[in-house]
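Here's the structure, in structure tokens; my notes come after.
The values are calculated or read from the model by the stated rules, or taken from the named source; none is laboratory data. Given the structure is predicted, the values throughout are model-derived calculations rather than measurements. Cβ placement follows ideal geometry from the backbone for every residue including glycine, while neighbour counts extend to all protein chains displayed.
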Amino acid sequence: MTLTDDKRQKHLVREQFTRTAEVFGDFAVATRVGDAELLARMVGAKSADCAVDLASGPGTLALRFARHVRWICGLDLTPAILLRARRSAQTESLANLDFALGDAQALPFADGALDIAVTSYSLHHMPDPARVVGEMARVVKRGGRVGVIDIRASEDPQVAAMSNRIERLRDASHTRSLPKSEFEAIFAAHGLRILAQETREQDRAFRHWMLVAGWNPGDREFEETRRLLESTIGEDSAGFHPRIVPADPAEAGEARDIHIINTILFLAAEKV
Ligand SMILES: C[S@@+](CC[C@H](N)C(=O)[O-])C[C@H]1O[C@@H](n2cnc3c(N)ncnc32)[C@H](O)[C@@H]1O
């Protein structure tokens, strides 16, 4: 990865999450409370712990972890989404939570400074996810915990490649979703012993999935993503299990929508 690639990727990330700071932020904070609470249990978050939530976005994990730990820092690359996160922390009167601008690939903490490092739905935006997990392992002390939630790709490289193509049409800042075996290999390579893992399937309505990425019917990104996704329906060649269903009657527009399944992996590990 060259410096230019890294700069370009950061530009794509900031563009995506500045444009969608509110619509994505509303969605993530409201619907991922269960994810955050599950990860807090999996990593054994407790009142003496100091933690970091990297690529924290609107504070999806940090706002929940703040209720369990002594202190947590939410770190993100996109100023607009940090503003939204700070607003939520203020509204919820959470005084043990700070948000900072920063890069998950180079965490601003000394080796072994923290008890817990967590991240959610972010590694598929990183050019080098192994480097980020390496940083998480570096900043926690021995016996500290690392927790990751992310979309899980198929173990079949062709299916994974097609799903990543669809994801990149939807969101240009998507780099690559990893299969479970790759997560496990990365954790092992950084001295992280897996304590617990869970897989959850999330049903997503295509129109809403596109809306939170900032696109509406008629937008080029919306139409191209739909066309490619539709081409996978017969053989499920992207592993999204797409199916046509009657649209939500509360929504204006077409009578039908596509529903997909996102497979989500939860991993909790201990630094040995
Ligand atoms: C899909 S959002 C996930 C946000 C939140 N963790 C959640 O679960 O809702 C991805 C976030 O990763 C951030 N991000 C991407 N690359 C990053 C990097 N290198 N360092 C820090 N944040 C990054 C983006 O700004 C965005 O807020």
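Of note:
- Applying the criterion of being touching a residue at least 60 places away in the same chain (Cβ under 8 Å) and closer than 19 Å to residue 15 by Cβ to the residues of region 164-185, the residue that is surrounded by the fewest Cβ atoms within 10 Å (Cβ to Cβ) is 172.
- Leading residue by the ranking (nearest to the chain's Cα centre (by Cα)) among those in region 62-88 that are farther than 22 Å from residue 131 by Cα and not in a helix (DSSP H, G or I): 66
- Check on residue 193, surrounded by 14 or more Cβ atoms within 10 Å (Cβ to Cβ), modelled with pLDDT of 95 or more and touching a strand residue (DSSP E or B) at 6+ places or on another chain (Cβ under 8 Å): no
- Of the residues 103, 128, 115, 111, the single one that is outside the structural domain of residue 232 (by TED's automatic domain parsing) and within 9 Å of the ligand (Cβ to nearest atom) is 103.
- Among the numbered conditions (1) surrounded by 14 or more Cβ atoms within 10 Å (Cβ to Cβ); (2) of a type outside the set (Ser, Thr, Tyr); (3) under 17 Å from residue 266 (Cβ atoms), the only one that residue 13 does not meet is (3).
- Residue 59 within 9 Å of the ligand (Cβ to nearest atom), assigned to a strand (DSSP E or B) and touching an Asp or Glu at 6+ places or on another chain (Cβ under 9 Å): no
Matching residues to (1) surrounded by 15 or more Cβ atoms within 10 Å (Cβ to Cβ); (2) aliphatic (A, V, I, L, M); (3) over 14 Å from residue 163 (Cα atoms):
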site: 212; (1), (2), (3): yes, yes, yes
site: 220; (1), (2), (3): no, no, yes
site: 225; (1), (2), (3): yes, no, no
site: 231; (1), (2), (3): no, no, no
site: 244; (1), (2), (3): no, yes, yes
site: 247; (1), (2), (3): yes, yes, yes
site: 256; (1), (2), (3): no, no, yes
site: 260; (1), (2), (3): yes, yes, no
site: 266; (1), (2), (3): yes, no, yes
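- Restricting attention to region 88-120, the residues being closer than 19 Å to residue 194 by Cβ and of a type in the set (Ser, Thr, Tyr) number 2.
- Taking residues in region 25-42 that are in contact (Cβ under 8 Å) with a residue 40 or more places away in the chain, and partners anywhere that are within 11 Å of the ligand (Cβ to nearest atom) and among the small types (Gly, Ala, Ser), the pairs with Cβ atoms closer than 8 Å and at least 6 places apart or on different chains are 25/57; 25/85; 28/57; 29/59; 32/120; 35/120; 36/120; 39/120.
- Test result for residue 88, buried (at least 18 other Cβ atoms within 10 Å of the Cβ) and either within 13 Å of the ligand (Cβ to nearest atom) or more than 14 Å from residue 52 (Cβ to Cβ) (or both): yes
- In the set (1) within 11 Å of the ligand (Cβ to nearest atom); (2) in a strand (DSSP E or B), the condition left unmet by residue 39 is number (2).
- Test for residue 14: is it over 25 Å from residue 202 (Cα atoms) and either more than 10 Å from the ligand (Cβ to nearest atom) or free of Cβ contacts under 8 Å to residues at least 40 places away in the same chain (or both): no
- Test set (1) part of a helix (DSSP H, G or I); (2) more than 17 Å from the chain's Cα centre (by Cα) - residue 133 fails condition number: (2)
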